[in-house]
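Inspection log for the structure reproduced underneath, given as C-alpha cells.
Values in this text are rule-based calculations from the coordinates and carry no lab data. All values derive from a computational prediction rather than experimental measurement. Neighbour counts run over all protein chains shown; Cβ positions are idealised from the backbone, glycine included.
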Amino acid sequence: MEYNNRVLLVGNEAAVYGALLAGCDSYFGYPITPASEVAQEAALLFPRLKRVFIQAESEIGAINMVIGASAMGKRAMTASSGLGISLKQEGVSYLAMYELPAVIADITRSGPGLGNIGPEQSDYFQLTKGGGHGGYHCPVFAPDSAQEMCDMTYAAFDIAEKYRTPVYIMADGVIGQIMETVTLPEPRPPRKDSPWSIAGKREDDGTPNYFTTLYLEHSELEQIRLRLEAKYKEIEKNEQRSVAYKLDDAELVLCAFGVSARVALRAVDVLRSQGVKAGLLRPQTVWPFPKDALRGTLKTAKAFLSVEMNCGQMIDDVKLAIDCSRPVHLVSRCSGNIPSVAEIVARAQEVMKEVTK
Amino acid sequence: MSKEIVKFGKSPVFFDSFTRRPGPVKTNMHYCPGCGHGILHKLLAEAIADRGIQEKVMLVAPVGCAVMAYYYFNCGCISVPHGRAPAVGTGIARVAPDKMVISYQGDGDLAAIGFNEFIQAANRGEKMSVFFVNNSNYGMTGGQMAPTTLPGQKTTTTPYGRNVEVDGYPMKVCELLNSLDVPVYIERCALTSTANIQKARKSIGKALDNLRDRKGFSFVELLCACPINLRKSAADMNKFIDEEMTKYYPLGCFRDRSAESESKPLPPPPIHDPETVRSLLYPKKLDIGVAHTFRNESKLFDRELRLKMAGFGGQGILSLGIMLANMAKLRNFNVSWLPSYGPEQRGGSANCSVIVSRNKIGSPIIDSSCDLLIAISQTALDKFKDEVVPGSVLIYDSSTMTLPPLPEGVIICGVNASEIALKLGNAKCANSVLLGALAAVLKKNNILEGGDKADFDKVFNEAVFESFSSKPEVIELNRLAFVEGEKAVNA
Ligand SMILES: Cc1ncc(C[n+]2csc(CCOP(=O)(O)OP(=O)(O)O)c2C)c(N)n1
Ligand code: SF4
C-alpha cells in the first residue's frame, strides 16, 4: 500500500501525530482553548491504534495519570494551556523528582487568571524556570510551525527518556491553531518497556522497583539534588537548539521564538533592505536557552532586540547569556496581539540610531 | 498501651528486613504503637500473599502516615502527590491492564484534597481496589481536623471541638460512593476487636478477588486508630471507634455485586508495528496531484502569496481557506492556514489567512497588504479593505454588499455567490462559486499564465475529490458550482 506522508495539519493535531509516531502509549487530557484540538485529535487517533486516551477530571487528574503511565515504563503525554499548566505543576515537580519521562504541551494563551484565549508567550517564566516547587528544570521546546509541532513532540519523547525528565512543548496559540503542510516522520519501531518501571526489579538488590520523592535524611536528599543538578548541566551542555538567520555579520541581533520569530524574520529582511545589518536567532529550546549561539553573535553584535508576546520575559535570558555586555531592548505585544513587522522595524531603527550615535 | 503485634516476615509480601527505611531500625515499621496502618498493612500483605498476586500488584501509596509503604511491601510501589493516588492508579491500570492496582489512602488524602480524583476514578469504574483509612484526623501532620472528624471532636485545628456550623458534618465516603452506578463492592469495617478485624480480613480479601478477576472498582473503608493524635489508650481508642465513630459511620456492606459482576476482558494490546501504524495514520495515496518536480509556470508563484478570506461565522469562510490551502498543497507549495479563533467564530466575524509559497513560509499573519481578499460580508470587507492595495484581487458577494472606496489598480470582481448557490439547491456550495469566480478573474487578467489556466480548474477538482472522496454527489455539486461561478464572471 502506498501512503502519503505530506499532509495538511493544524499545529495541535501535528503534535498528536508526532506523539503517536514516536510510540506514545497514552494521552490524558482536559479541554481548554486553544489546546483542545490536541485532546480531540488524541481522542480520535489513540483508540485507532489501541492506545490509551482518557479525558481526565482535571489537569491535576491528567498529570497524575501521566505519572502512573510513566511509572509503568510507558510513553505518556498531556497538553493544556497556561492555567491548566499551573494546575499540573505539582505533578511536574514530582515527575522531575521521580526522574520519570513525560511530554507536556502548553498551547499558551494570554495573561494571568483567565486572561483571554488569544496567543501569547506568557508562560515563558513558568516553564523555563521550573514552574512548580522545589527547584528543577524541564527541557522546553518552542516550535514555530505545524511541522515543528510534529517533529519536536516526536523528539521530546526521546529527550524525556534519555534524561528521564518531563519535557515541555511550548507553543503560542497561533502555532497550535495554524494549519500547514507537514511531512510526517516514520513510526518508531516498538520499544521495550523501560527497565526502571515499577513492574521491573532493581539492579542492586533484586527487589521490585519503586518511586518516591521523599528523602527524610538531609544528606541523602542533598546527594539526589546534586545528581539532578548535574543532569541539568548535562542537558544545558548538550541540548541547546536554535536556528540562525543572517547572523554572520549582524550588528542588530533579534531574538524571538514561536510565531513572533516568523514575524521577526520578515522584519530582518525589511531591515536589511533598509541597510541595517540585522539577523535573527530563533531559540528552538528556551530551556536550555541557546546561550552559546547567542554569545557567538557578539563578534559583530552591537545591540540585541528581544521580540516577545508577553511583557518581556526571555529578555532576561538574553541579558544573562551575553552578560549584559550589549544593550538589550524589547519589542513586546501581549494579550492576543502579535507584534507587526512594522513595529519591529521601527523599534529596530530606533535602537540602531541609539547605538551608532 | 497494648500493642498490635505485627508478625514481620510472616507474609512474604513484607520484606524480611526493612532496609529501605533510613536510620538504624530495620525490623519495625515506623507507625506508632496501636496505629491502624500497622494492622491494615499486615492484613493487606497476608491477603496479597494468600492470592499469590504479589508479582502483579502495583501499590499506590498516599501522602500521610502511609507515605512510606514502599519500606515494607515487596511489590511494585509508587508514593504519589497528596490525594492523587486514584489518578496515578488510573494511569497504571490503563497502560498495564494485566497489573492489579491498589490505592491506599488516608482520610485527608482521599476525602479532602483528593476527593475528586477518588470519586472520578470510581465513576469510571477503574479496575482498582481502594483501601481507605478513616482515623478521624490528619495523622502525619499532627492531628488536624479531617473531613471525617466527629462533631465536637477536638483536634489541633479544632481546639474548641469541630463546630458543624463552621466545619460541616463528618463526610460519609461509603454512602457518597454508593450513589454511583458502577462500583462493584463497598464496605466499611473497623480495625478494633478481633471479630471486627476478622470481618475486615474478609472484606479486604473480597476487594482483592475482584481486583484479580477484573470485576471493577472495589472500596473498603477501615475505621482505624490513631492513638497518638487522639491521645487515647488502646482500649479507649477502640471504644471511641466502636461507640462514637460508628454512630456516624455504621459498619457493614453498602454494596456487593462481586458475584454477579463479570470479569472484564483485557483490552487489545496497543499497536506499535510500523507498517500497521502507517496504514492507520497516513492517508492513502490518491491518484491525484503532480510529480514532486512539477512547478507552475506563472510568475505569480515566484513570490509568497498572501490570501485572506473573511465573512461571518457559519458562512463556511474557514473551509474556503482550507480548500485553497489544499489546492496549493496539491501543487507542491508550502501553505499555512490561520483562522481567527475562539468565540469570534460563534456568530461573529470569522476570517482566515492563507499563505502560499515555494519556500518556508514566513509570518503566517497578514497585517498589511494581501494579494487576494475574498470578503462575503459587509463588516468583513469594511474591516479588511485597507489590506487591499493596487494589484490585489478582491472578490465579494455582490448580491448582498456594496463596495467602499478602494485604491486604483485593485482587480475587483463581484459575484452573486449565495444566490447562485441557492439556485443550485445548496447554500453550502457558495465557496465553490467563489473559487470559480476567482478562476475566471485570474485567467481573464492573465495572472495565471499558459498551462496554469487549465491547471487551476484541474487542481480545484482534485481538491474537491480529496475532501469529499466518499461523497460523489457532493463532488458533483461543487464542480457544478465552480463552473457556474466562472460563467457568472465571464458573462
Ligand atoms: C499538597 C499538599 N498539601 C499538604 C500536605 C501536608 N500533608 C502531609 S500528610 C497530610 C495529611 C494526611 O492525613 P491523612 O490523609 O488523614 O493520613 P494519615 O496521616 O492520617 O494516615 C497533609 C495535609 C502535602 N504533603 N501536600
Ligand atoms: S500519627 Fe496516627 S496515623 Fe500516623 S502513625 Fe501515628 S497513630 Fe498512625
For the protein assembly as shown, would you read off the P(r) tail past 56 Å as a percentage of all alpha carbon pairs?
22 percent
Fewest-first sequence of B:VAL441, A:VAL263 by Cβ atoms within 10 Å of each Cβ
B:VAL441, A:VAL263
Quick one: order B:MET58, B:MET145 by neighbouring beta-carbon count within 10 Å, fewest to most.
B:MET145, B:MET58
Remind me, relative contact order of chain A in percent, using alpha carbon pairs under 8 angstrom and six or more residues apart?
18 percent
Neighbourhood charge, 13 Å Cβ-Cβ cut-off, centred on A:ALA199 and excluding it, Lys, Arg +1 and Asp, Glu -1:
+3
Could you state the angle between the C-alpha long axis of helix A:11-21 and the longest principal axis of the C-alpha atoms of chain A, as a value from 0 to 90 degrees rounded to the nearest 10?
40 degrees
Determine ³J(HN,Hα), in whole Hz, for all residues of segment A:253-264 in sequence, where each value follows from phi through the Karplus function 6.51 cos²θ - 1.76 cosθ + 1.60 and θ = phi - 60°; x replaces Gly and Pro.
9, 7, 10, 7, 10, x, 5, 5, 5, 6, 5, 4
What's the magnitude of the charge dipole for segment B:36-256 around its Cα centre, counting Lys and Arg as +1 and Asp and Glu as -1 at the beta-carbon? Answer in Debye, nearest 20.
300 debye
What is the magnitude of the charge dipole of the protein assembly as shown about its Cα centre, with +1 placed on the Cβ of each Lys and Arg, -1 on the Cβ of each Asp and Glu, and no other charges, expressed in debye to the nearest 20?
1260 debye
From the Cα centre of segment A:1-19 to that of segment A:161-225, the distance in Å is 24 Å
Of A:GLN274, A:ASN310, A:PHE289, whose Cα points farthest to the positive end of the dipole of segment A:242-355 (charges on the beta-carbon: +1 Lys, Arg; -1 Asp, Glu; origin at the Cα centre)?
A:GLN274
Centre separation in Å (Cα based) which lies between segment A:284-344 and segment B:99-129
46 Å
What size of dipole, in debye to the nearest 20, comes out for segment A:242-355 about its Cα centre when the only charges are +1 on Lys and Arg C-beta atoms and -1 on Asp and Glu C-beta atoms?
160 debye
Along segment B:56-70, Karplus-curve 3J(HN,Hα) (6.51, -1.76, 1.60; θ = phi - 60°) to the nearest Hz, with x for Gly and Pro, reads 9, 6, 10, 9, 9, 9, x, 9, x, 4, 8, 4, 9, 3, 5
Stokes-Einstein D in µm²/s, Kirkwood radius over Cα pairs - segment B:36-256 at 20 °C with 1.002 mPa s viscosity
125 µm²/s
Of all DSSP beta bridges having both residues in the protein assembly as shown, the percent classed as antiparallel (nearest 5) is 35 percent
Report, by chain and number, residues whose modeled amide H sits under 5 Å from the one on A:ASP172, excluding near sequence neighbours (fewer than 5 apart, same chain).
A:THR108, A:VAL259
Rg(Cα) of chain A divided by 2.2 N^0.38 Å?
1.01
Over 25 Å between C-alpha atoms is what I'm after, so list which of B:LYS202/B:LYS232; A:LYS50/B:LYS127; A:LYS233/A:LYS319 land there.
B:LYS202/B:LYS232
Footprinting exposure proxy for A:ASP151, B:ASP107, B:ASP455, B:ASP287 (fewest neighbouring C-beta atoms within 10 Å first):
B:ASP287, B:ASP455, A:ASP151, B:ASP107
If you keep only loop residues by DSSP, which trypsin sites (Lys or Arg not before Pro) in segment B:299-343 have at most 12 other Cβ atoms within 10 Å of their Cβ?
B:ARG303
Over all pairs of distinct alpha carbons, what does the Kirkwood formula give as the hydrodynamic radius of chain B, in Å?
28.1 Å
Here, GluC sites (Glu not before Pro) of segment A:104-207 satisfying both criteria (DSSP loop; at most 10 other Cβ within 10 Å) are A:GLU203
For chain A, longest principal axis from Cα atoms; helix A:218-238 axis from its Cα atoms; angle between them, nearest 10 degrees, is 50 degrees
Any residue on another chain or 5+ positions along whose placed amide H is under 5 Å from the amide H of B:MET58 is listed here as B:MET100, B:VAL101, B:ILE102
Is the shape of segment B:369-491 best called rounded, prolate or oblate, per the rule: a/c under 1.5 gives rounded, else a/b larger than b/c gives prolate, else oblate, with a ≥ b ≥ c the square roots of the Cα gyration tensor eigenvalues?
oblate
Segment B:167-221-segment A:28-72 distance, computed between alpha-carbon centres (Å)
29 Å
Convert each backbone phi in segment A:279-293 into a coupling constant with the Karplus relation 6.51 cos²θ - 1.76 cosθ + 1.60 (shift: θ = phi - 60°), then list the ³J(HN,Hα) values in order as whole Hz, x for Gly and Pro.
x, 10, 9, 10, x, 9, 10, 9, 9, x, 6, x, 4, 4, 5
